Every structure is written in C-alpha cells, then in structure tokens.
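Engineer: To start, I am sharing the structure in question, which I have written as structure tokens.
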Amino acid sequence: MVKFIIAALSLLSQLAFAQECMTKRELFIENPSTRVWKTTLCPNQKLGFHVHHYSRVVIPEETGRLKVIYQSGKEEIIHLKKQIPLYLSVAQGKELHQDENLDKEPLHVTVIELKNG
C-alpha cells in the first residue's frame, strides 16, 4: 500500500509540473531600435508559423535543442547552451518557420531583436 501511495504521489507531482508549463511570450522592451522578449517553450511543443524581419541574439536559460521547421519542409536543429548568446541572422528568420522544443524540460529564451542591425 505504501508503494502504491508513493507511486501515486510521484505521478501527481509529475502531472502538476507538466500542467505548470505554458508556452508564452513576455515582452520586455519595444522601441524603434530594439525589441526584447522572453519565450517559454514547453517540452515537445511548437510555436506557430512565423517570420523574423530582423537579426536576433538569443540567450537561453537552459541547455537544449530547438528544431526549426520551415514551411518548405527543411528542418534544422539549433543547439542552445545555457547562458551562451547565439546570433541568428535576418536570412535565418525570413523564411516562414516554427520552432519546436525537442527536450523534456521547458526552454526559456530571451530574444533581443536588432531592428537597426
């Protein structure tokens, strides 16, 4: 009986954690030269199709893998390293694409969009 209770509590805590994650974007700064936001991408979830008109610097809070799925069918994996900024060019973001978190933990990424760069 004790083993059953422990297993049930473990399952409930995992479900509670899974329900806590919500894929979202939180805008911090928007002005004529820069836009800064934080994206939370839950495990195995995808962002909707979108484009980027400017180059970006992304700073992940965790190490993880992001799959970029282009409307053309092309795919690429971006390997994110915790707290290591990564530059993404205008060309990388102009094609319609969606991003998918391939890992079992949420990804939190701060994005700095460089409107003049």
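The values are calculated or read from the model by the stated rules, or taken from the named source; none is laboratory data. Please read these numbers as outputs of a predicted model, since none were measured by experiment. So basically every Cβ, Gly included, is an ideal-geometry build from the backbone, and we count neighbours across all protein chains shown.
Engineer: Yes or no: Val111 in contact (Cβ under 8 Å) with a residue 60 or more places away in the chain, closer than 22 Å to Met22 by Cβ and in contact with a Lys or Arg (Cβ under 9 Å, 6 or more places away or on another chain)?
Structural biologist: In short, yes.
Engineer: Considering only residues that are over 15 Å from Lys94 (Cα atoms), part of a strand (DSSP E or B) and more than 13 Å from the chain's Cα centre (by Cα), which ones fall in segment 33-56?
Structural biologist: Answer for segment 33-56, where residues must be over 15 Å from Lys94 (Cα atoms), part of a strand (DSSP E or B) and more than 13 Å from the chain's Cα centre (by Cα): Thr34, Arg35, Val36.
Engineer: With the condition kept exactly as written, say whether any residue in segment 66-84 is at pLDDT 95 or above, under 10 Å from the mean Cα position of the chain (by Cα) and either at positive phi or not aliphatic (A, V, I, L, M) (or both).
Structural biologist: Checking segment 66-84: at least one residue is at pLDDT 95 or above, under 10 Å from the mean Cα position of the chain (by Cα) and either at positive phi or not aliphatic (A, V, I, L, M) (or both).
Engineer: Moving to a separate point now. List the residue pairs whose Cβ atoms are under 9 Å apart, where the first residue sits in segment 37-62 and is within 26 Å of Asn116 (Cα to Cα), the second is among the aromatic types (Phe, Trp, Tyr), and the two are 6 or more positions apart or on different chains.
Structural biologist: Pairs that qualify, where the first residue is within 26 Å of Asn116 (Cα to Cα) and the partner is among the aromatic types (Phe, Trp, Tyr), are Trp37/Phe28; Lys38/Phe28; Ser55/Tyr87; Arg56/Tyr87; Val57/Tyr87; Val58/Tyr87.
Engineer: Give segment 74-98 a look and list any residue that's assigned to a loop (DSSP other than H, G, I, E, B) and either aliphatic (A, V, I, L, M) or surrounded by 13 or more Cβ atoms within 10 Å (Cβ to Cβ) (or both), or say none.
Structural biologist: Passing the criteria: Ile84, Glu95, Leu96.
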